[in-house]
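Heads up, the thing below is written out as structure tokens.
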Amino acid sequence: MKFKTLATCLVLSLLAHSVVIYRFVTEGILFSGKGDSIAQMIPFQLYLYEQFSKFNFFYDMGFGIGGDFFRSLAYYYSTSPIAYINFGVVYLLDLLLPLNTGSPDFWFVNQIIVSVFKLTAILYVTYRLFKYLGINRYASMASAFLYSYSTVYFFFTFTWSFFSDVMFYLPLTILGMERFFAERKIGIYILGIALTLHSNFYFSYYQFIFVMFYFVYRTVYKKESDSVLRPTKIKVIVISSVIALMVSAVGFSTGVTSYVLNDRTLPPIKLKPFIDFIIHYNLFYDGYYIVIPFIAVMALFTFKLYRNYTFRLFAVITWLFMAGSLSPLFDSFFNGFSIDQRRWVYMLAFSSAGLIATYLHHLKNLNLKDIAISLIPVSIIYSLSIIGAGKSLVWLLFIPVIAVTIMLYINRPKVATYQFLAVTIVIMNLFFVYDYIREQMDTLHPFYEHDLAFVQSDKYNSETQRSIINDITEASPAARIDWQTSATHNTPLYQHFNGIKLYSSIFDKDIYQFYDKELNITMDTDSNSIYYRLGERANLYSLFNVNHSIRTDNVATLPYGFELTDQRQGKDKSYSVYHNTNELPLVRVTDKVFNPNELKTPIDREHAMLDGVVLDSPSNRKVTPAENLLSKASMSLNNATYNGKQLIVNQDQGGITYKLPRRLADRYKDLYVDLSIELKTPSRYHYVWINEIYQSRKPLDDDYRRFNPTITLRIKASDLIQLKLMSGTYTYQINGIYGEDYKTLESATKQQKHQLTQTGSKLVATLSPHDTGYAVIPTPYLKGMSAKVDGKKAEVSEGNYLMTAVKIDKSARKIELSYTPPYFHLMQFISLIGLVIAIWYTRKVSRGKHSIVTNKEEIETFAPPAE
């Protein structure tokens with residue numbers, strides 16, 4: 001029976017994916033949305049598989065500007081058991097078959113295959129749960145399909161594929177709880193909680209809220225079939241949850257530390273008490289986040305069934321979620337009282353599916369009057385929805401079909417009629433989700449922005465791009481390249497080179513500290529989810545060994561010292577390759593130490609890093625402060641007024657012009673303009689524009705805007721400095737104008753050359769003859785790093801605000817750097833102990849005295865209809 005059920009679930013899953021598979025085979029349309037899916041999900045999966053298959057699990061200098069990818073990607077796939085299974089299967093197949101795992105194309109196809117099996121698993125465990133609750137097999141399977149292949153599943157998988165993993169863990173956990181209440185079997189509950197906690201800290205919070213409410217309800221309101229008393233319920237569930245936490249210690253601790261060490265500074269959050277009543281939020285008809293079937297509305301207004309325990313349970317949860325959906329405050333609550341994100345909706349899909357399952361099971365206890373009453377709100381809701389949306393959807397035709405079928409069954413119960421009803425619901429759901437795809441996904445994600453032609457084009461991953469990258473990395477594999485496609489900042493992760501960009505939700509806070517506070521690096525946009533480039537500042541490019549820059553446009557912003565070395569023509573774009581003529585060694589050895597407290601401006605900090613190393617220790621050198629040229633500049637206003645603190649710009653591209661003496665400007669190659677500026681009037685996207693440098697800024701109410709008013713913009717030396725802004729009111733202050741002649745940089749290029757390679761999880765520096773001092777490696781230092789110099793343990797610390805510094809003597813020739821997250825081995829030990837305790841405790845609980853009390857009335861009413 002289990003095999004037949006699994007086979008049925010697989011067939012239904014394939015049926016659900018038929019549209020996806022057909023589109024992919026005939027038109028190359030991917031089951032991956034434009035934006036996050038193509039830009040993040042696929043690159044992360046490819047990258048993690050590449051690292052794991054090389055048995056490197058923690059640190060990589062090619063992850064952005066370097067870092068702990070295991071911790072940083074814990075929100076995504078690095079701690080996901082489902083991802084592990086996927087990677088394991090791919091690895092084994094790759095040993096037997098020549099799989100092109102290094103290409104994004106493979107992972108786009110893999111996403112479809114994984115989704116088929118994941119949906120099968122979700123469908124199977126949800127069916128088992130509904131069956132365990134006493135619901136007949138037809139109602140269980142039809143309702144499990146409504147949950148498994150809901151609009152939420154498609155939305156989650158299409159956009160952020162790991163999101164839908166939680167749709168498996170939820171019914172698994174509830175099944176485990178119900179098995180304990182009825183039979184004192186606690187193993188599946190521990191498994192469900194452990195998988196959830198290990199997989200994703202973010203969704204563990206969601207699950208905690210739902211499971212806690214479910215547990216409290218089931219404990220306060222006892223079900224007659226429960227064989228466990230309330231005190232035992234509380235004791236065992238609490239103990240089991242703690243054991244599950246121990247089992248999941250590695251993944252859970254990684255997720256927690258990634259959250260704690262993340263810096264996601266947000267603008268002040270102002271939430272409206274109620275949603276805007278627009279189609280986007282219509283959860284009954286064509287909402288973007290979720291659409292629940294009309295049968296759930298019929299069930300909610302079938303008042304006779306509220307006497308049934310299981311029905312009442314799911315109805316209460318569904319009503320609560322439906323009420324909560326009216327307010328962004330509810331969304332914020334589920335998002336940790338942060339920005340309002342509507343990602344809890346899978347729980348509404350689950351509760352409404354449980355409600356429908358119980359409703360369908362009890363149909364023979366209803367009469368035609370009950371059905372007629374329940375159809376009144378259906379008629380009102382969907383009539384208003386059609387009028388409001390101005391369109392009719394295909395699945396509306398199923399409302400009369402299913403209503404009539406239900407009435408026929410109530411009038412004369414027959415197995416054939418009931419089976420027809422279940423099959424019709426499954427077919428309706430296929431149309432239901434298809435309408436969602438057509439109305440929502442296809443509208444927001446045009447085919448030409450997420451098909452094979454797109455991802456093989458110059459916009460994502462063309463042959464020309466890969467050829468350029470291969471030529472550069474063959475000559476210098478450890479050096480960095482300034483390059484990204486138009487589709488994503490994560491290009492380095494799937495084109496296999498060390499870059500200076502990363503698009504993710506989780507960053508080590510030291511990186512943003514480096515960008516925002518210490519070096520005031522101005523990115524092209526003020527985003528909380530991206531760091532990229534280095535403000536086009538030549539000193540920083542050389543310090544991070546960015547030896548090449550590939551451009552398709554915007555050549556005017558190239559850092560000083562980059563010269564054209566190659567040009568290629570792609571299918572749609574032409575590429576220009578520039579080489580950094582001011583290359584620094586991959587590892588620099590210096591005995592000059594500067595204290596950060598003595599360095600007051602970004603340009604002074606750059607000079608200190610070029611001349612020596614900045615360490616949190618007493619200095620043995622001083623930097624001559626760069627001259628502030630502001631006092632020598634004259635200021636004029638352009639369609640603006642300024643009172644020393646507030647700048648009012650009267651029309652777009654108005655602002656301030658600063659004029660320096662020409663003889664003074666000619667002394668420098670570049671100028672660093674240090675200013676503090678923040679728009680105060682409501683806006684759309686706006687900008688800060690100085691000469692050739694342009695920064696796009698998000699609207700003030702944007703959820704992902706990063707608040708960073710103080711910036712330093714590097715411009716080419718000129719006697720005219722023109723600040724252009726969008727009309728509005730700004731707080732504004734210019735802090736300084738500094739000239740850069742690059743003598744310090746040119747001097748630094750004469751340092752002794754040393755080599756750096758990454759072998760698996762280790763960074764290995766091979767040193768040429770040098771003096772005693774510090775070896776500075778341009779990759780982020782993290783707690784948990786250890787160093788060996790010629791086989792002996794050495795001191796390793798943070799230098800240059802972010803980089804790694806190793807103390808060495810004159811005789812040192814080889815440095816080995818390795819990294820293991822703090823307390824990782826302790827967490828492994830706790831997980832192992834937790835697993836042993838879980839096995840022992842499961843057996844102990846199941847051996848306890850119990851008797852299953854069965855409600856005879858429920859068994860009779862839950863029995864499938866007979867001829």
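Ratio of alpha-carbon Rg to the 2.2 N^0.38 Å globular estimate for region 252-376, to two decimals, please.
Numbers: Rg = 18.2 Å, N = 125, 2.2 N^0.38 = 13.8 Å.
Computed over Cα atoms of region 252-376, the ratio equals 1.32.
Net charge within 13 Å of Gly28 by Cβ-Cβ distance, Lys/Arg positive one each and Asp/Glu negative one each, not counting Gly28 itself? Write down the numbers at each step before the final one.
Details: positive: Arg23; negative: Glu27, Asp105, Glu449, Asp451.
Taking every other residue near Gly28 into account, the sum is -3.
Between Asn735 and Gln341, what FRET efficiency follows from the Cβ-Cβ distance if R0 is 45 Å, with the result rounded to 0.05?
On the way: r = 36 Å, r/R0 = 0.80.
That pair, Asn735 with Gln341, gives E of 0.80.
Given q = 0.16, 0.26 Å⁻¹, what are the Debye log10 I(q)/I(0) values for region 749-819, with equal point scatterers placed on the Cα positions and solvent ignored?
Evaluating at q = 0.16, 0.26 Å⁻¹ gives log10 I(q)/I(0) of -0.49, -1.35.
Between region 618-662 and region 396-457, what is the separation of their alpha carbon centroids in Å?
Between the Cα centre of region 618-662 and that of region 396-457, the gap is 62 Å.
So if each residue of separation counts as 0.36 nm, and I subtract the Cα-Cα distance between Glu463 and Leu637, what length gain in nm does that give? Let's see the in-between values first.
Working: separation 174, 0.36 × 174 = 62.64 nm, distance 4.94 nm.
Length gained between Glu463 and Leu637: 57.7 nm.
If each Cα of region 1-151 is one equal point scatterer, what is log10 of I(q)/I(0) from the Debye formula at q = 0.16, 0.21 Å⁻¹?
Per q value, in the given order, log10 I(q)/I(0) is -0.98, -1.29.
Straight-line reach only, C-alpha to C-alpha below 14 angstrom: list the aspartates and glutamates that Lys34 could link to, leaving out same-chain residues fewer than 8 apart.
Asp442, Glu449, Asp451
What is the projected area of the convex hull of the Cα atoms of region 306-369, averaged over all directions, in nm²? All intermediate terms of the calculation are to be shown ahead of the outcome.
Working: hull surface 20.1 nm².
Reported value for the Cα convex hull: 5.0 nm².
Computed FRET efficiency, Cβ-Cβ of Thr26 and Tyr434, R0 25 Å: what is it to the nearest 0.05? Could the numbers behind the result be given before it?
Details: r = 16 Å, r/R0 = 0.63.
Result of the calculation: an efficiency of 0.95.
Can you compute the radius of gyration and Dmax for region 1-62, using only the Cα atoms, both in Å?
Calculated on Cα positions, Rg and Dmax stand at 17.3, 51 Å.
Per DSSP H run of at least 4 residues, take -39500 (n - 2.57); add these up for the chain, divide by its residues and hand me the 222 nm value, nearest 500 deg cm²/dmol.
Values: 30 runs with 376 residues, N = 867.
So the calculated ellipticity at 222 nm is -13500 deg cm²/dmol.
Considering the alpha-carbon set of region 470-580 alone, what are its Rg and its Dmax in angstrom?
Gyration radius and largest Cα-Cα distance of region 470-580: 13.9, 41 Å.
For Lys793, what is the net charge nearby, where nearby means another residue's Cβ is under 14 Å from its Cβ and Lys, Arg count +1, Asp, Glu -1? Write out the running numbers ahead of the final one.
On the way: positive: Lys788, Lys792, Lys807, Lys814; negative: Asp790, Glu795, Asp809, Glu816.
Around Lys793, the surrounding residues sum to 0.
Regarding region 441-525, what whole-number volume in Å³ per residue does the convex hull of its Cα atoms give?
125
Once both labels are modelled 7 Å past Cα along the beta-carbon direction, what's the Phe213-Asp276 spacing in nm?
According to this spin-label approximation, the distance is 2.7 nm.
With axes computed from alpha carbons, what is the tilt in degrees of helix 398-411 against the longest principal axis of the chain, rounded to the nearest 10 within 0 to 90?
The angle comes out near 30 degrees.
By the scheme Lys and Arg +1, Asp and Glu -1, what is the net charge of all other residues having a beta-carbon under 13 Å from that of Phe215? Let's see the in-between values first.
Values: positive: Arg218, Lys222, Lys223, Arg230, Lys233, Lys235; negative: Glu178, Asp226.
Around Phe215, the surrounding residues sum to +4.
Send over the semi-axes of the chain's equivalent ellipsoid, whole angstrom and largest first, taken as the square roots of 5 times the C-alpha gyration tensor eigenvalues.
Values: eigenvalues 625, 200, 122 Å².
Here the semi-axes work out to 56, 32, 25 Å.
Gain in length, Val109 to Arg847, computed as 0.36 nm per residue apart minus the alpha-carbon separation, to one decimal in nm?
261.0 nm
If r is the Cβ-Cβ distance from Thr581 to Ser696 and R0 is 30 Å, what FRET efficiency results, to the nearest 0.05? Working shown, then result.
On the way: r = 30 Å, r/R0 = 0.99.
Working from the Cβ atoms, E equals 0.50.
Per residue, what volume in Å³ does the convex hull of the Cα atoms of region 336-400 enclose? If you can, show how the numbers build up before the last one.
Numbers: hull volume 9.6 nm³, N = 65.
Dividing the Cα hull volume of region 336-400 by its residue count gives 148 Å³.
Using amide H atoms built 1.01 Å from N in the peptide plane, name the residues 5+ places from Glu692, or on other chains, whose amide H lies under 5 Å from its own.
Residues meeting the amide H criterion: Lys716.
For region 574-660, just the Cα atoms, rotate onto the principal axes and tell me the three extents in Å, largest first.
52, 46, 22
Coordinate-derived values only; no laboratory data. Keep in mind that this is a model prediction, so the values were computed, not measured. Methodologically, a virtual Cβ is constructed for each residue, glycine included, from the backbone with ideal geometry; neighbour enumeration extends over all protein chains shown.
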